[in-house]
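To start, the structure itself, in structure tokens.
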Amino acid sequence: MLEKAYDPKPVEAARLASWDAAKLSHSEPRAGGRPYAIVIPPPNVTGALHIGHALNNALQDALIRHQRMMGRESCWVPGTDHGGIATQNVMEKLLKAEKTDRRALGRDAFLERMRSWTRDCKKTILGQLHRLGCALDWEREAFTMDEPRAKAVYHAFKTLWERGLIYRGERLVNWCVRCGTALSDIEVEREERKGALYHIHYPMEGGGEGLVVATTRPITMFGDAAVAVNPKDPRWKHMVGRNVLIPFIDRSIPVIADAYVDFEFGTGALKVTPAHDQNDWEIGERHKLPAIKAVGPEGKLTEAAGPYAGLSREKAHDQVVADLEARGFLRKKEDHKSAVQTCYRCLSVIEPLLSLQWFVKQTELAKAPLKSLDAGEFKIYPRNWEKPYRDWLVNIKDWCVSRQIWWGHRIPVWYKDGEKPLVSQASPGAGWTQDPDVLDTWFSSALWPLAVFGWPEKTADLAYYYPTSTLVTGYEILYLWVARMQMMGLAFEGKVPFADAVIHGIVRDKSGKKMSKSLGNVIDPLLMMDKHGTDALRFALLAQAHPGKDIAFDEQSVVGARNFVNKLWNSTRFVLMNLPEAPPAGGYTLEKLPHGRLETADAWILSRYQATLAKARAALDAYDPAAAAEALYAFLWDEFCAWYIELAKGRLLGADGEGKENARTILVQVLTGSLKALHPVMPFVTEEIYAALKPHAGEAAEFVLKGGYHRLDRDRSDAEVEKQMSRVMSAVAAIRSLRSQLNVPPGLKIKAVAEGPFARDLIGKHRAYAMSLAQLESIEPVNGGRPAQSATAVAEGVTFFIPLAGVIDFEKERERLSKDLAKAESDVAKCAVKLGNLSAAAGVPAEKVAQAQEQHGAALARRDRLKETIAVLS
RNA sequence: GGGCAGUUAGCUCAGCGGUAGAGCAUUGUCCUCACACGACAAGGGUCAUAGGUUCAAAUCCUAUACUGCCCACCA
């Protein structure tokens, strides 16, 4: 016998052990049928998993399990990402705490530390995914920096090089001073910050008034190559062609005319610093200006800054502004908001810096992804992400792939004096030195769906699983990762790496704020699992995972989910308690039900059951786990438990016979089928329950995943019986409401007298339902007028009189009924409007009009019954 | 500056052309023989605003106002 309350811990441990022992989630290529494959977005080896990972992986697991239940060979590849800058930053923090740094260690020792850290971290992360119940194919674990993946990276680099798509050049790149490396354009974030616009006077060379420029960053003036004005600007026309002097250092620069300059802005004169600003760089190109660095890679001012050389950007800024003011160069300072660029890894301000870097040409590579999007070979869910994705590809710029850090795939290019650079994985021989930089971590990530299956080798796995089916990820890496995988997959294999990309939202805190360590609002998924169980956490996340929407996460939702798990558990307990120890031969199967001789409740729950299964399945197919979870939750709790179980109790407690056997069969089958449908969302409790139910259900599958979903049987759908039941429910609800409002003690059975078109059915074939659910002592037809001293309950098609001598306060009763009447009147009015509309309009289907008429009739009847009753009371 | 979402019950969110829904929270009654992680009942919304389309609009269209996100070279 099951325990009274579900205890997740022992169940989860035992289930995981049995799944592992059976290698349940392992997949091998097999003949026949297209497989379903997902590659995990590999978590960075920077620490532990957070709640966003829990959502991301619960989603994937639900899809993988769903497809397995549908009978498809399904493979979910696990793995981790070395995480380049992010991981190196973690290690550098550790080293700092040890009062050392990477340079003191040296490259080799540093990398050794990184590898050891990575080993531990991988273990932690994969252990957490395991604990979350992820049906990952553990034998396929991959790491972006392991041997096979390194081979893939090399091969990709070499191929791109040979195709002329990789080049090295000195360009203006986004430089993170803190991380000490270049970043690609999409690794830069923007943040609006308050600052100032400084109007600085540049004197004319050889004396004269000169002009005033406006800038937000005075320190870049030491790198100025010119001052530009708009050729149409009359104020400055006379200055073009003359020279001005940079304050403090007195370097002479020309005044040039360039249409880029907006004469509405600032003073209409723009200082041009090609080495520190993209636009200025372009102006410099047009006018053949020198690019002079004012700030170096460490964030300190260079020799070009004369007296300020060596100062940090921040110190220099303050000093320069103060000096400009003291010397009278500062003509004006106004408040100004500007978007500063920040490093996505450490949030420090980006310095646009001229440096020698490796680039991948993108325009050519972006064509195939655009084509596959247009052809519908690749879809993004929800579809509204396709537009930004397309726009990004259309406006794509070359990708800076070199990083000046140590942790990563070292660029496989070797140099030797007097020789052309060589691309090689190993050293070409003595005298050759390898490029010191490593590749952007997203370079290896871009190859992930290929590399995990052994590419560039033509493996059987690659042939079978590639292209994969679905990729599940957050919108923050749509360009960074999704687009690049599409580019690489198409470039190397000519096929999209995955047909569908499912974009989910971010898990935020309960007030909708982004979780962050500094705000202290992070939710630890492990803690949630410890407190409430893994199934509860998964359900809570998935039930809120509406396509593409962020989740405002409140621990309360996990508690609610935990309650649902318990409800499921206890309903199983109830069913098992009402079954004989030994199930009948072959178990309780739906095939054994007598056709055409089912009770209303039986036919009703089967009808609802089929509808629910269909809905849940369709929702998962449409990547909408929330809809699936909600449908199953509502069905199991509000229909199966609240009504069907209650309706079946009479038969279960009564004498043996067909009715009892039917009830048992339906309880067993509906519960078993529902928990299977729920399995993708809550694998543990459903597996546990399945183990207890399967002998009774006549099933022998070792695991839920092996057995597959129950068959959908649309013949069980029965609109007529659903209507009958809704009337029974309405009748019961009316009496319950009356009891509650009149404070009739719950245990006290009362007599009821019924009249109306539905009264005969209720007193006849639905008698037992009404009696037990409404706690009635008896139910009889009205025989000559309503009983004296009775309260009235009006339901759909039936009116009850409940004799309650001495209990009724007529004043209160009238009040109560008046409230009902008001509601009924408003219903009548609404129905009348609708009916009037429909009858007046042309081209409305007769069916719709009939339906409206029926609704109107029912509302009228109810209203009239209430009116009569109140009249009698007065 | 461009684009995309969102604005529905106290909170978090479904619904997206035919009488306003869920979970949580609130109130009342009940430890009723599966479940107090429960049962039953109750209260609570002019569906952001203004126009329009329609027999009918929370739902479609057009503006407006906020909110959030993405993209973008205004110093």
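The values are calculated or read from the model by the stated rules, or taken from the named source; none is laboratory data. Remember, it's a predicted structure, so these values are computed and weren't measured experimentally. All Cβ positions, glycine included, derive from the backbone under ideal geometry; neighbour counts span all protein chains shown. The protein model used for the area step is the full one, side chains on, heavy atoms only, and it has no ligands, DNA or RNA in it. Shrake-Rupley method; radii C 1.70, N 1.55, O 1.52, S 1.80 Å.
Return the residues of the range A:557-592 that are of a type in the set (Ser, Thr, Tyr) and buried (at least 18 other Cβ atoms within 10 Å of the Cβ); say none if nothing qualifies. Talk me through it step by step, then tell me what you get.
The first filter runs over the range A:557-592 and keeps only residues of a type in the set (Ser, Thr, Tyr), leaving A:557, A:571-572, A:588-589.
Answer for the range A:557-592, where residues must be of a type in the set (Ser, Thr, Tyr) and buried (at least 18 other Cβ atoms within 10 Å of the Cβ): A:Ser557, A:Ser571, A:Thr572, A:Tyr588.
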Set A:Val213, A:Val173: member being under 17 Å from A:Gly266 (Cβ atoms) and either within 16 Å of RNA strand B (Cβ to nearest atom) or not in a helix (DSSP H, G or I) (or both): A:Val213
Scope the range A:835-848; condition more than 9 Å from RNA strand B (Cβ to nearest atom) and either touching a residue at least 24 places away in the same chain (Cβ under 8 Å) or of a type in the set (A, V, I, L, M) (or both); matching residues: A:Ala846
Pairs where the first residue, in the range A:32-44, is more than 11 Å from A:Cys75 (Cβ to Cβ) and touching a residue at least 24 places away in the same chain (Cβ under 8 Å) and the second is part of a loop (DSSP other than H, G, I, E, B) and basic (Lys, Arg), C-beta under 9 Å, 6+ apart: A:Gly33/A:Arg72; A:Arg34/A:Arg72
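Which of the following residues is crowded, with 24+ Cβ neighbours inside 10 Å, touching a Ser or Thr at 6+ places or on another chain (Cβ under 7 Å) and not in a helix (DSSP H, G or I): A:Val472, A:Val496?
Values: A:Val472 fails: touching a Ser or Thr at 6+ places or on another chain (Cβ under 7 Å).
Of A:Val472, A:Val496, the one residue that is crowded, with 24+ Cβ neighbours inside 10 Å, touching a Ser or Thr at 6+ places or on another chain (Cβ under 7 Å) and not in a helix (DSSP H, G or I) is A:Val496.
Keeping to the range A:209-243, report how many residues are among the acidic types (Asp, Glu) and more than 56 Å from the chain's Cα centre (by Cα).
So the answer is 1.
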The range A:751-793, residues that are in contact with a helix residue (DSSP H, G or I) (Cβ under 7 Å, 6 or more places away or on another chain), open to solvent by less than 20 Å² (accessible area, probe 1.4 Å) and either near RNA strand B (Cβ under 10 Å from one of its atoms) or under 20 Å from A:Glu813 (Cβ atoms) (or both): A:Ala752, A:Ala754, A:Leu773, A:Ala774, A:Leu776, A:Ala791, A:Thr792, A:Ala793
Cβ pairs under 8 Å, 6+ apart, first in the range A:780-804 and modelled with pLDDT under 85, second open to solvent by less than 10 Å² (accessible area, probe 1.4 Å) and assigned to a loop (DSSP other than H, G, I, E, B): none
Cross-chain or 6+ apart pairs with Cβ under 6 Å, the range A:90-107 first and assigned to a loop (DSSP other than H, G, I, E, B), then modelled with pLDDT of 90 or more: A:Asp101/A:Leu95
Hey, A:Asp233 of a type in the set (D, E, K, R) and closer than 23 Å to A:Ala305 by Cα or not: no
Test set (1) open to solvent by less than 10 Å² (accessible area, probe 1.4 Å); (2) assigned to a helix (DSSP H, G or I) - A:Trp442 fails condition number: (1)
Residues of the range A:388-411 satisfying the condition of being open to solvent by 10 Å² or more (accessible area, probe 1.4 Å) and over 18 Å from A:Pro369 (Cβ atoms): A:Gln404, A:Trp406, A:Gly408, A:His409, A:Arg410
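Of the residues that sit in the range A:43-58 and are over 15 Å from A:His679 (Cβ atoms) and crowded, with 24+ Cβ neighbours inside 10 Å, which one is farthest from the chain's Cα centre (by Cα)?
Once the filter is applied, the top-ranked residue is A:Val45.
Restricting to the range A:348-369, name every residue that is assigned to a loop (DSSP other than H, G, I, E, B) and open to solvent by 20 Å² or more (accessible area, probe 1.4 Å).
Listed by number, the residues that qualify are A:Ser348, A:Lys361, A:Thr363, A:Glu364.
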Within the range A:187-207, tally of residues that are among the hydrophobic types (A, V, I, L, M, F, W, C) and more than 13 Å from RNA strand B (Cβ to nearest atom): 1
Residues located in the range A:259-270, provided they are more than 6 Å from RNA strand B (Cβ to nearest atom) and within 17 Å of A:Pro247 (Cβ to Cβ): A:Thr267, A:Ala269
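Listed residues A:Lys315, A:Lys332; which is outside any helix (DSSP H, G or I), of a type in the set (D, E, K, R) and surrounded by fewer than 19 Cβ atoms within 10 Å (Cβ to Cβ)?
On the way: A:Lys315 fails: outside any helix (DSSP H, G or I).
Step by step, each of A:Lys315, A:Lys332 is checked, and only A:Lys332 is outside any helix (DSSP H, G or I), of a type in the set (D, E, K, R) and surrounded by fewer than 19 Cβ atoms within 10 Å (Cβ to Cβ).
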Residue count, the range A:683-730 (criterion: of a type outside the set (S, T, N, Q), under 30 Å from A:Lys9 (Cβ atoms) and not in a loop (DSSP other than H, G, I, E, B)): 18
Some residue of the range A:684-703 being within 13 Å of RNA strand B (Cβ to nearest atom), at pLDDT 95 or above and more than 25 Å from A:Glu591 (Cα to Cα): yes
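Looking only at residues that are in a helix (DSSP H, G or I) and small (Gly, Ala, Ser) in the range A:108-133, which one is farthest from A:His679 (Cα to Cα)?
Looking only at the range A:108-133, we keep the residues that are in a helix (DSSP H, G or I), and these are A:108-131.
Cutting the leftovers down to small (Gly, Ala, Ser) gives us A:109, A:116, A:127.
Values: A:Ala109: 47, A:Ser116: 37, A:Gly127: 21 Å.
Per the stated criteria, the residue is A:Ala109.
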Selection from the range A:484-523 of residues that are touching a residue at least 12 places away in the same chain (Cβ under 8 Å) and among the hydroxyl-bearing types (Ser, Thr, Tyr): A:Ser511
Tabulated pairs, the range A:628-645, first more than 23 Å from A:Glu599 (Cα to Cα), second more than 9 Å from RNA strand B (Cβ to nearest atom) and outside any helix (DSSP H, G or I), C-beta under 8 angstrom, 6+ apart or interchain: A:Ala628/A:Pro680; A:Ala628/A:Val681; A:Ala629/A:Val681; A:Leu632/A:Val681
The range A:524-556, residues that are surrounded by fewer than 21 Cβ atoms within 10 Å (Cβ to Cβ) and under 13 Å from A:Lys510 (Cβ atoms): A:Asp550, A:Ala552, A:Asp554, A:Glu555, A:Gln556
Meets criteria (open to solvent by less than 10 Å² (accessible area, probe 1.4 Å) and either assigned to a loop (DSSP other than H, G, I, E, B) or within 16 Å of RNA strand B (Cβ to nearest atom) (or both)) for A:Ala501: yes
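I need the full set of residues from the range A:731-755 which are assigned to a loop (DSSP other than H, G, I, E, B), within 13 Å of A:Thr792 (Cα to Cα) and either in contact with a Gly (Cβ under 7 Å, 6 or more places away or on another chain) or among the charged types (D, E, K, R) (or both), in order please. Show your work before the answer.
Going residue by residue through the range A:731-755, those that are assigned to a loop (DSSP other than H, G, I, E, B) are A:742-749.
With the extra rule that they be within 13 Å of A:Thr792 (Cα to Cα), the set shrinks to A:742.
Hits for the range A:731-755: nothing passes.
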Count of residues meeting criterion [open to solvent by 50 Å² or more (accessible area, probe 1.4 Å) and touching a helix residue (DSSP H, G or I) at 6+ places or on another chain (Cβ under 8 Å)] in the range A:794-817: 3
Residues of the range A:621-640 classified as open to solvent by less than 10 Å² (accessible area, probe 1.4 Å) and away from RNA strand B (no atom under 11 Å from the Cβ), total: 4
Any hit, the range A:419-442, residues being farther than 15 Å from A:Trp161 by Cβ, of a type in the set (Lys, Arg) and without any contact (Cβ under 8 Å) to a residue 24 or more places away in the chain: no
